[in-house]
Structure formats: C-alpha cells, structure tokens
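These notes concern the structure reproduced below.
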Amino acid sequence: MGAGAANGIAINAEFTAYSDPDELLNPLGTFVVKRLLPFESDVIPLTPSSTLPIQGATAIQTKEGNVELFRLYIPPKDNFRRQYHSIQASNTADRQGIALVNNPGEAQLKVFTSPLDGRLTFMHTDKRVTQHGMNLVSDGVESDPVIVGGILETAAFYFRELNRTTSSHDIMDLIEVEFYKLYVPSIRVADRPVSEQLKPVGPNLCHENKVIDFVVSDIPNTPYGFKIINKAEEDLYVNAFYFDNTSFAIGEFQYSFPSARHHLTN
C-alpha cells in the first residue's frame, strides 16, 4: 500500500479496498497492516474472501492500528471519578483512546474537583509539557457531560498526535534540522520578499538530541528560522505543526518552499 508511518498509519490498522475510487461499491475486502515503512505498508487479507487488487485500488481506513492511549488521572476519592465512568459509558464523545490510570506519575493529564465551587480543573502532568512550566490547562470548568466529554476527546486527539513520532526508520538519519537566529540586512532588494533575504547569524541552536532550547532576544521582532536538510534520494516535504498546551489546539504552519531540492528552509 502506498502510504506508511509518515502518513500516520500504524501496525494493525485496517483498510477496505475498492477497485473504483468514484463509486465505493463492491469492496475487494478488508486488509490489515502487518509491516510498516516510512512511505508504504505491507498488508494481508483479513478474511479469506478478500481479493488482493491486481492494479491500483482505493483504500479507506476503517480501524485504527496500535496507537498509544491518552492516559488520564483522577484522584480515587474525587467526585468526578464516578461521573467519568458515566460519561465513558454514554455517547457524549469518543473516548476509546483514553486510559484511566491509578498512578499520577503515568498520566498525561490530571482532572480533579475544586472543593470551593465543585468545578473541574485540568492540569498537565506530561513531563514534555511540565518541564517548560506549563501545568494548568483550564480551571473552573462546569461539570457537564457534554462539556467535559468534548474536552477529553480533544485532549485524547492532541496527545495521540503528539505521540506520533518514530525514530525506528533509516530515513531519520537522512534528515538534519538546524535552527538559527536570523539577521535582517539593512539594505534589501526591493523585488524580493524579506523572508528570502534573511541570513543565519550565530551558532546552530538545535542540539544533538534535536531539542531547540534558547532565550528569545530582547531586541523586538528578532526573527528565527529552521533549516531542514534532506539527504534522501527522494523528495520530502515538511509538515510543521504547533501544539498549544493551553487549549489542546493543533495549528499548521503555512509557508512556501524554495526551488532548491535538498536544502529546504523557512
């Protein structure tokens, strides 16, 4: 199948194949992913009646594969713990990707009831977030099944995407990421965008562990930029996302690519 880990596919994901992409009739069968590569997957028929397509076919994912569950902690004696089980049993939101854990050290998010007004507080416990001093997501949340169910569903999607990383493929060794403070020339070419005239200044701020740790310059509007170097034989395209820890929002950065094939910068 012409999609793999880079497309968000996981082992044991199931797909239904159709010979005609315009009319999804007479499916060829259901197939399950058993081997995963960066840009392709090996699938096997799920049932004996499934027919492997000889030529190109359209595959639609019908079941997620092995994904890491979002881990939630609620104190054992908290009033919300009983309500959570009722929300889980209802159809208020999709919570199949949530695991309630008993150890707060294993959780990614903690929910507890305020003793003052009975409202809920959501707090980050994932060390990837708390190491930056960002703990509180929201407080004063009404203990309403629809509101809470929506928050938990959004949080589950947020952490599922945050966990969607892999270093098990050789392609990781063919990509280099650098991060620089940029210099804005005092004399600029009028017919070229300013973004194309910025120059790196100072050392690469992306460390060997691929973590960017720096203090923002106190000079207003100082630009910074990434340099992404592709050493692979095939063209690769960057998808960059911003994860907002305060709202569980995931935003996509929009930018255009320069003409150079192996050196992509923004």
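The values are calculated or read from the model by the stated rules, or taken from the named source; none is laboratory data. Being a predicted model, the structure only gives us computed values, none of them experimental. Neighbour counts run over all protein chains shown; Cβ positions are idealised from the backbone, glycine included.
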Inset, instruction - Out of the residues in region 197-254 that are without any contact (Cβ under 8 Å) to a residue 40 or more places away in the chain and among the hydroxyl-bearing types (Ser, Thr, Tyr), state the one that is nearest to residue 153 (Cα to Cα). - result: 242
Inset, instruction - Output yes when any residue across region 23-43 is aromatic (Phe, Trp, Tyr) and either at pLDDT below 85 or farther than 20 Å from residue 160 by Cβ (or both), and no when none is. - result: yes
Legend entry - Single match in 220, 203 (criterion: in a loop (DSSP other than H, G, I, E, B), modelled with pLDDT of 85 or more and outside the structural domain of residue 87 (by TED's automatic domain parsing)): 203
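Test of understanding: among 153, 233, 196, which residue is within 30 Å of residue 4 (Cβ to Cβ) and either small (Gly, Ala, Ser) or surrounded by fewer than 14 Cβ atoms within 10 Å (Cβ to Cβ) (or both)? Please lay out each step first, then the result.
On the way: 153 fails: either small (Gly, Ala, Ser) or surrounded by fewer than 14 Cβ atoms within 10 Å (Cβ to Cβ) (or both); 196 fails: within 30 Å of residue 4 (Cβ to Cβ).
Sole residue among the options that is within 30 Å of residue 4 (Cβ to Cβ) and either small (Gly, Ala, Ser) or surrounded by fewer than 14 Cβ atoms within 10 Å (Cβ to Cβ) (or both): 233.
Against the condition closer than 22 Å to residue 142 by Cβ, surrounded by 12 or more Cβ atoms within 10 Å (Cβ to Cβ) and modelled with pLDDT of 85 or more, how does residue 109 come out, does it pass? Full working, then the answer.
On the way: closer than 22 Å to residue 142 by Cβ: yes; surrounded by 12 or more Cβ atoms within 10 Å (Cβ to Cβ): yes; modelled with pLDDT of 85 or more: yes.
Judged against the criteria, residue 109 is a match.
Can you name every residue in region 121-153 that is hydroxyl-bearing (Ser, Thr, Tyr), over 12 Å from residue 245 (Cα atoms) and in contact (Cβ under 8 Å) with a residue 40 or more places away in the chain? Can you show your working first?
Kept after step one, since they are hydroxyl-bearing (Ser, Thr, Tyr), are these residues of region 121-153: 121, 125, 130, 138, 143.
Subsequent filtering for residues that are over 12 Å from residue 245 (Cα atoms) retains 121, 143.
Within region 121-153, just 143 meets the criteria.
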